[in-house]
1. From (1) open to solvent by 60 Å² or more (accessible area, probe 1.4 Å); (2) at pLDDT 95 or above, pick out the condition that doesn't hold for M1.
2. Which ones in region 66-96 are farther than 14 Å from A187 by Cα, basic (K, R) and assigned to a loop (DSSP other than H, G, I, E, B)?
3. Having 1 or more residues that are open to solvent by 10 Å² or more (accessible area, probe 1.4 Å), more than 24 Å from G355 (Cβ to Cβ) and of a type in the set (S, T, N, Q) is the bar; report the strands (runs of 3 or more DSSP E) wholly within region 193-286 that clear it.
4. Tell me which of these E314 doesn't satisfy, since it passes every other one: (1) away from ligand 2 (no atom under 16 Å from the Cβ); (2) surrounded by fewer than 19 Cβ atoms within 10 Å (Cβ to Cβ).
5. Which residue is nearest to C229 (Cα to Cα), if the candidates are limited to region 4-30 and must be touching a strand residue (DSSP E or B) at 6+ places or on another chain (Cβ under 8 Å) and open to solvent by less than 80 Å² (accessible area, probe 1.4 Å)?
6. Report, by residue number, each residue of region 246-279 that is touching an Asp or Glu at 6+ places or on another chain (Cβ under 8 Å) and within 16 Å of ligand 1 (Cβ to nearest atom).
7. Which of the residues spanning region 340-368 are open to solvent by less than 10 Å² (accessible area, probe 1.4 Å) and either away from ligand 2 (no atom under 16 Å from the Cβ) or not small (G, A, S) (or both)?
8. State all residues of region 161-186 that are within 20 Å of P115 (Cβ to Cβ) and open to solvent by less than 30 Å² (accessible area, probe 1.4 Å); if no residue qualifies, say none.
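The values are calculated or read from the model by the stated rules, or taken from the named source; none is laboratory data. From a predicted model like this one, the values you see are computed outputs, not experimental measurements. FYI the Cβ positions are ideal-geometry reconstructions off the backbone, even for glycines, and counts take in every protein chain you see. Note: areas computed on protein heavy atoms with side chains; ligands, DNA, RNA excluded. Shrake-Rupley method; radii C 1.70, N 1.55, O 1.52, S 1.80 Å.
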Amino acid sequence: MKRYSVFALAREALNYHLGWEKAWKSPEPKAQYDAVIVGAGGHGLATAYYLGRNHGITNVAIIEKGWLGGGNTGRNTTIIRSNYLQDPSAAIYEKARSLYETMSQDLNYNVMFSPRGVMMLAQTHHEVRGYQRTAHANALQGVVTEFISPQRVKELCPILNIDGPRYPVLGALWQPRGGTARHDAVAWGYARACSAMGMDIIQQCEVTGVRTEGGVVRGVETTKGHIGCGKLGIVVAGHSGQVAEMAGFRLPIEAVALQALVSEPIKPCMDVVVMANTVHGYMSQSDKGEMVIGGGTDGFNNYTQRGSFHHIEETLRALIETFPIISRLKMLRQWGGIVDMTGDRSPIISRTPLGNCFINCGWGTGGFKAIPGSGWAMADLMARGEPGPLAAAFGMERFREGRFIDESVAAGVAH
Ligand code: FAD
Ligand code: PYC
């Protein structure tokens, strides 16, 4: 695989850009792999990448029913932060955030990480107390956040109205090295690196069944035939319940749509990310100038991967007091993704009742930011057969044992 660089760009420019290689190969599946990952979203691809990079396991297939990154990874609003309350969450989200800092160099692929700063507005006294508590917890965890005053909020984001009649801004939890990255590039960067290590990314291939024998997985049935594997990783976000059922176990998880929308592009007016969780809304400005806007999850379980009119109205109505500027904006497009929600709003990175089958899911409305940390932890679990320090708390037995990792405040839009 040729390295991307300014010299490569100059060389190819002289050659009318005819010499670029395909970023990843599209092979037919082999009969057998050491490991199969179901789902080529960010988490599945990152799992494969760290299986190769950290553990030397490269006889790996990543099987995707659609196109890589076409699930929630390519549909999310790209907010990256690690301002979580509980220690295990802060550890994995901060690991992920720190990996984002060097991801472009590590993958030799520009993921456009932009640590522009993320603030979560406190618009009720309850939130003030909640975010002050999180700021103290973050200080102990080594996560750099700060509870800031309304005046500082206004300085950082002048288009904000901090004196709204219903929900004045009382402060904010500010993470200066939070930010955004280009979601497709994260998937593409991992895919290219996996392909370069000799792994097979098999798109347009749906897993329809899991073949088991004596309590272990032997392989998966797919629309391209049977594919054998030594280990199986299920990383399918909103479809986790369905694939787990194929493997014969149940998950404490619900699937629900989360929607987002963007406005017409306007001049730069906002260089931070703002989340207003009380009213279920958030906003940032993309490099193209569009305002990227989202709200809460649909109030009912569904697998409908698209937007709906009521959501545009609800989200804009919620945000308009705090961002009066959006009353004059035209909205350009909207979409939805199916997110996988657990009761404590924390993920599952776990062994399963099948000896060589592992599951990574439950990232719900907040898994984009976690992709590198989650892939790192899942690869460790799959390679060693038992969870390392990053994954240890996230086993699915916690729901039976009552060891919840309650992140309902940090989950923001999903609470
Ligand atoms: P996905 O990217 O969904 O990948 C799973 C893949 O599995 C899919 O490509 C799917 O096609 C495939 N698959 C499913 N079933 C099968 C099968 N049977 N066979 C083969 N393949 C299968 N998170 C943040 O951190 N910040 C945000 O700002 C943010 N905003 C969001 C906004 C929206 C509108 C949405 C929908 C989500 C948002 N999220 C955000 C959440 C984030 O997108 C997800 O948590 C994350 O992308 C999940 O990644 P994944 O790789 O697990 O899932
Ligand atoms: O987890 O930060 C987040 C988030 C923002 C919007 C959707 N999820």
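1. Result: M1 passes all but (2).
2. R81, the sole residue that qualifies.
3. Details: elements: 200-202, 207-213, 216-222, 225-234, 254-265, 273-276, 281-285.
Passing ranges, in order: 281-285.
4. Result: E314 passes all but (1).
5. My answer is P29.
6. Hits for region 246-279 are I253, E254, A255, V256, A257, L258, Q259, V262, S263, N277.
7. Correct list: D340, T342, D344, P347, I348, I349, S350, C357, F358, I359, N360, C361.
8. Step one: list which residues in region 161-186 are within 20 Å of P115 (Cβ to Cβ), which gives 172-186.
Within region 161-186, A172, L173, W174, Q175, G178, G179, T180, A181, A185, V186 qualify.
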